[in-house]
Amino acid sequence: MAHVNPVQIQKFLKGVDYPANKATLIENAKTRGADENVCASLDQLPDEEFQTPADVSQAFGRMLDEPARSAYTSGGSEFLAQALQDSLAEIELCEMALQKTTNQDIKMFAQRMIEEHGQMGQEIERHAGRMKFALPKDVSSEQQSTAKDMSRLSGADFDRKFMEHNAKDHEKDVKAFRHYAEQESDAEIKSFAEKSARTLSQHLDTAKDISRRLQA
């Protein structure tokens, strides 16, 4: 089975009504135009009920073999691996937000994050292919824990926590991307970091603005 971009997997699961089992995930992916490779990847999931998009990513992570995990290297590849995990985690939380919030500003923000972090993930996949190293297929344990905590919230509590998390997370990401934009020796990764830092900075400004309005 060919390698499947984990960002693409989440794209085909957009709109799933959780909790959902494997058959529901596959059916949803098919209706969104998923090819045989994506469906085959979903078919490898365990036969259980998934409560959130994060649960699906965690299941993929458990299927990830150790040799792929040990293939990480330092420098630009380490940056790309972390950036992909951050994009996956962002997409998972934003999918959750689209289900939980009734705030239209947050819905628009979440949809933008899904689209732009998805595009970022695809660029990361391209660079990793060029550099011939394995990327993580799951989010970190810390990101899994955050998603689980967020899934327990609802209403105004969820809205505030979601936007606070986005402001804090994007602040950290902007610093990391700017660092690699200045220090990275690989010209293509440097260019990617520069462009993405500008996009992430816009995300940060929007997150702070919405968060301030929620506190008013």
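For the stretch 12-52, the set of trypsin sites (Lys or Arg not before Pro) satisfying both a DSSP loop assignment and a count of at most 14 other C-beta atoms within 10 Å is given as ARG32.
PHE50's amide H: which non-local residues (gap 5+, or another chain) put their own amide H closer than 5 Å, with H modeled 1.01 Å from N in plane and none for Pro or chain starts? When sequence neighbours closer than 5 places are left aside, the close amide H contacts are ALA20, ASN21. Toward the positive end of the charge dipole of the chain, with +1 on the Cβ of Lys and Arg and -1 on the Cβ of Asp and Glu, the farthest Cα among LEU93, GLN119, LEU200 is that of LEU200. Between ASP149 and CYS39, how high is the FRET efficiency from 1/(1 + (r/R0)^6) when r is the Cβ-Cβ distance and R₀ = 35 Å? Nearest 0.05. Efficiency at R0 = 35 Å is approximately 0.65. Could you give the length gained on full extension between ARG212 and GLU171, defined as 0.36 nm per residue of separation minus the Cα-Cα distance, in nm? Extending this stretch completely gives an extra 13.2 nm.
Using the Cα gyration tensor of the stretch 138-212, with a ≥ b ≥ c the square roots of its eigenvalues, what is the shape: rounded (a/c below 1.5), prolate (a/b larger than b/c) or oblate (neither)? Oblate, since a/c reaches 1.5 and b/c is not below a/b. Of the solvent-accessible surface of the chain, computed with a 1.4 Å probe and all protein chains present, 46% belongs to carbon and sulfur.
So, with +1 on the Cβ of K and R and -1 on the Cβ of D and E, and no other charges, what is the size of the charge dipole of the chain about its Cα centre, to the nearest 20 debye?
Working: 28 positive and 37 negative charges, 95 e Å.
For this selection, approximately 460 debye.
With contributions of -39500 (n - 2.57) from each DSSP H run of at least four residues, the per-residue ellipticity at 222 nm computed over the chain stands at -25000 deg cm²/dmol. State log₁₀ I(q)/I(0) for the chain at q = 0.10, 0.16 Å⁻¹ as given by the Debye formula over alpha-carbon point scatterers of equal weight, solvent excluded. Rounded to two decimals, the profile gives -0.43, -1.11.
I'd like the FRET efficiency for GLN119 and SER140, computed as 1/(1 + (r/R0)^6) with the beta carbon distance as r and R0 of 30 Å, rounded to 0.05. Taking R0 as 30 Å, the efficiency between GLN119 and SER140 is 0.90.
The distance linking the stretch 177-216 with the stretch 73-151 is 14 Å (Cα centroid to Cα centroid, whole angstrom).
The values are calculated or read from the model by the stated rules, or taken from the named source; none is laboratory data. Note that this is a predicted model, so its numbers are computed, not measured. A quick note on method: Cβ atoms are made from the backbone with ideal geometry, for glycine too, and the neighbour counts reach across all protein chains shown. Side chains are part of the model used for accessible areas, which takes the heavy atoms of the whole protein and leaves out ligands, DNA and RNA. Shrake-Rupley method; radii C 1.70, N 1.55, O 1.52, S 1.80 Å.
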